[in-house]
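Here the structure is laid out as structure tokens; the discussion comes afterwards.
Read the figures in this text as sums done on the coordinates, not as results from a lab. Since the structure is predicted, the reported quantities are computational estimates derived from the model, not experimental observations. Here the Cβ positions follow ideal geometry from the backbone for every residue, glycine too, while neighbour counts run over all protein chains shown.
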Amino acid sequence: MFKPFPLYIGLRYTRAKRRNHFISFISLISILGIALGVIALITVLSVMNGFEKELRERMLGMSAHVVVSSLYDSLSHWQPLLTTLATYPHVTGIAPYIQGQGMVTYKDNVYGAILQGIDPNYEKSISKVQDKMVSGSFESLKSGEFGIVIGSELAQSLAVGLGDKVTIVVPQASVTPVGVLPRMKRMTVTGIFTIGMHEYDSGFIMLHIDDAAKLLRIPEGQIHGLNLKLDDMFIATEISHQLREQLPVSYRAYDWTYRHANFFKAIQMEKRVMFIILFLIVAVAAFNIVSTLVMVVTDKQSDIAILMTLGATPATVMNIFMVQGAFIGILGTSLGILGGVSLALNIETLVPAIEAFFRVKFLSSDVYYISDVPSDLHWLDVYKIAAMSLIISFIATLYPAWRASRIQPVEALRYE
């Protein structure tokens, strides 16, 4: 069977003899260190990807992928625009909206909130609110009845339930015989939802678009904009760019990455920092390769000298020890990928089992909005981690291998 000379000798040196068990032990520690580092990297990045995906889906469950609005206060004659946008590729749903700010009061409780006027018939195509109702009905929002659907945290803060009357105060003035007073309207709580995002559960109120127009004094037939839902959220930037080019200059279009840019930039920054920190584990393990090979070179000086006297070139000797170091890196990386991928794919099953066994809860639903540990394995992350691990392992072999190639046979065999 054909075996290149450096490969055969390099692999032979990885097996322990009686006098160098310690070197083989250090090699084993290097392999395990690289494997643990790769496992930690793959698992942690997968969990962070899972949290990011969960937050993104919850956030986009209440907001659109792309928003089309006017450069001015409101859109008029929006029905033809809705029909036109519905023909665009990847657009799966469109809904008009009116949005404003106000305060909601009940007895002595007062809280600020975003008022979102929606049409329930259209809203079903872009929002998941109807699936997140904990009490009441999303269809209870009817024109002229002034019903509202609020988040569960806001309902708890106000101490209201279904059927309770609350007062909505908007920052617009009404002239009355007793002077100028803010506009107020009594409304009935007809539904309560839970999205799992504090931003929406504690400060978001939905009402019928006609009622919102009356409350905010929006002229009849006008809206603030159109919310678009796409079949792929990751092409929202491309679609919004196309709309800006094709729609008249009086319109503007922006996507969810623009509205939540700071939030997702913060997540990406955390992922980068975590990657760097955890990759240091792999780097430390790779430095063990240096110490292992240095000890092997010291131990094998006479063997190297004999090989050189038999005709082995310095390049051949260097390749021998590069093979040995590369073998440690490849084996450690392979074990790490196997363990990391297996753990990342099964972490949603393993974590509940560990919690049940030790009778603990890592993410209590009373404290955290996401009480389960999600995981979203990205194979591109796996490829990057594997490549960087192999590269740093290969780099770690260069100095010991170069040092071995510089051994002088006469000096090494002087006392043999």
* Structure fact -> Under the 7 Å Cα-to-Cβ spin-label approximation, GLN79 and PHE234 lie apart by a distance in nanometres of 3.9 nm
* Quick one, which of (1) 31.2; (2) 19.1; (3) 24.5 is the actual mean projected area of the Cα convex hull in nm² calculated for this model? -> (1)
* Structure fact -> Plugging the Cβ-Cβ distance of ARG359 and VAL110 into 1/(1 + (r/R0)^6) at R0 = 56 Å yields, to the nearest 0.05, a FRET efficiency of 0.85
* May I ask you to derive the relative contact order of segment 95-223, considering only C-alpha pairs under 8 Å and at least 6 residues apart, and to give it as an integer percent? => 35 percent
* Set of segment 306-332 residues, backbone N closer than 19 Å to the point 7 Å along the Cα-Cβ line of VAL294 -> 318, 321-326, 328-329
* Structure fact -> Charge dipole of the chain built from unit charges on the beta carbon (Lys, Arg +1; Asp, Glu -1), centred at mean Cα; most positive-end Cα among THR84, THR316, GLN222 is THR316
* Roughly speaking, what is the stretch gain from MET184 to THR313, that is 0.36 nm per residue apart minus the C-alpha to C-alpha distance, in nm to one decimal? -> 37.3 nm
* Structure fact -> The simple spin-label model distance between ASP376 and GLN99, using points 7 Å out along Cα→Cβ, in nm, is 2.2 nm
* Assign one of three labels to segment 95-223, namely rounded, prolate or oblate, based on the Cα gyration tensor with a ≥ b ≥ c the square roots of its eigenvalues; rounded applies when a/c is under 1.5, prolate when it is not and a/b is larger than b/c, and oblate otherwise. => oblate
* **Value at 222 nm in deg cm²/dmol, rounded to 500, when DSSP H runs of n ≥ 4 in the chain each add -39,500 (n - 2.57)** => -17500 deg cm²/dmol
* To do: Go ahead and run the numbers for FRET between ILE29 and GLU199, Cβ-Cβ distance against an R0 of 56 Å, rounding to 0.05.
  => 0.75
* For ASP303, put the label point 7 Å out on the Cα→Cβ axis and report which residues of segment 26-42 keep their amide N under 20 Å from it. => 26-31
* For ALA266 and ARG403 in the same chain, what is the full-extension length gain: residue separation times 0.36 nm, less their Cα-Cα distance, in nm? -> 44.8 nm
* Asked: Of LEU85, LEU307, LEU343, which has the largest mean-square fluctuation in a 10 Å C-alpha GNM of the chain?
  -> LEU307
* How long is the gain from SER125 to LEU247 if the chain were fully straight, where each residue apart is worth 0.36 nm and the alpha carbon distance is subtracted? -> 41.7 nm
